[in-house]
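Heads up: the structure comes next, in structure tokens.
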Amino acid sequence: SAARTLVGGEVTQVTQVIHDGRQLAIDRLLKESEQRGGKAVTGLTSELMWQSGGVEFLSVGSCLTPKNSDVPDGFSTSAAGQELYCQIDAGFIPIHFAFGNVAYSIGVGGGLGGFLQSFRRGEVTQFSQVFNKTRHLALERIEAEARRFGANSVVGIRTSIMPLMGTTEMLMIGTASRHPALGPEFTERPMTSHLTCAEMWNLIHLGYMPIRLVLGVSVY
């Protein structure tokens, strides 16, 4: 991974370590929810903190049990209580918490080239290219997670960027869901939206359906 950090682009070894750490923490949260009698989990988070001698991956959520048979269960979602209401009322059936991550480095060549180009006016293309590629990679991976869970959409996507192990991690989290109004083409490439569930609820009631989270990157 040290060699890859010098080259630039995704540092796959670090990506995999972070992915596995996050996934293990999420799996343990879901297992504890079952042990507590929970039938669903809402407000699920995936945090990362440095501790002495290691990195802590922490997932927190609230397990639920349905009061009647009219509400869905068996799901996990990044949506908090109010967001969950908006999501379900807008017709989206939550399935599973989903995330996509990429650990990346500018690299020595890109860093030097970008440093020299920064003395001139205009776009620093070396930085723009790396950032554009890694952000789209994270989006592709959260879409792949949704397909794995049999979802046709990922809603409430939130992004975060943080330094880690000599790299930078780009993280997207959201809720893999199903909506009956989405056509068969969304089974292969799920709908993605960074709108909050409350914003999405308002737009759907106005007659609009989100289709795709889109990205544009430029570094000056």
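Listed values, structure above:
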read-out: Contour excess over end-to-end distance, with Cα ends at Arg212 and Arg158 and 0.36 nm allotted per residue; value: 18.0 nm
read-out: Unit charges on C-beta of K, R, D, E only; dipole of the range 30-106, Debye; value: 120
read-out: Cysteines having no other Cys beta carbon under 4.7 Å from their own, within the chain; value: Cys63
read-out: Heavy-atom accessible area ranking, 1.4 Å probe, most first, across Thr12, Thr167; value: Thr12, Thr167
read-out: Mean ellipticity per residue at 222 nm, deg cm²/dmol - from DSSP H runs of n ≥ 4 across the chain, formula -39500 (n - 2.57); value: -12500 deg cm²/dmol
read-out: Gain on full stretching of the segment that runs from Ala144 to Thr65 - 0.36 nm per residue minus C-alpha separation; value: 25.6 nm
read-out: Heavy-atom accessible surface of the chain: percent carbon and sulfur, 1.4 Å; value: 57
read-out: Gaussian network model of the chain, Cα within-10 Å springs - most flexible of Gly43, Gly74, Gly174; value: Gly74
read-out: Furthest towards positive pole of dipole, Gly183, Ser218, Met49, structure part the chain, Cβ charges; value: Ser218
read-out: Gyration tensor (alpha-carbon) shape descriptor, the range 39-79, a/c threshold 1.5; value: prolate
read-out: Potential lengthening between Ser128 and Trp50 on full extension [0.36 nm per residue; Cα-Cα distance subtracted]; value: 25.2 nm
read-out: Gyration tensor (alpha-carbon) shape descriptor, the range 131-178, a/c threshold 1.5; value: prolate
read-out: Leading residue at positive end of dipole, the chain (Cβ point charges), from Met209, Ser76, Ala138; value: Ala138
read-out: The chain, dipole about Cα centre (Lys/Arg Cβ +1, Asp/Glu Cβ -1), debye to the nearest 20; value: 380
read-out: Choice from Leu206, Leu137, Leu64 with maximal GNM fluctuation in the chain (Cα, 10 Å cutoff); value: Leu206
read-out: Shape call, the chain: gyration tensor on alpha carbons, a/c limit 1.5; value: oblate
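The values are calculated or read from the model by the stated rules, or taken from the named source; none is laboratory data. This structure is a prediction, so every number in the text was calculated from the model and none was measured. All Cβ positions, even for glycine, are placed from backbone atoms using ideal geometry, and neighbour counts span all protein chains on display. Please note that ligands, DNA and RNA were not included when accessible areas were found on the heavy atoms of the full protein model with its side chains. Shrake-Rupley method; radii C 1.70, N 1.55, O 1.52, S 1.80 Å.
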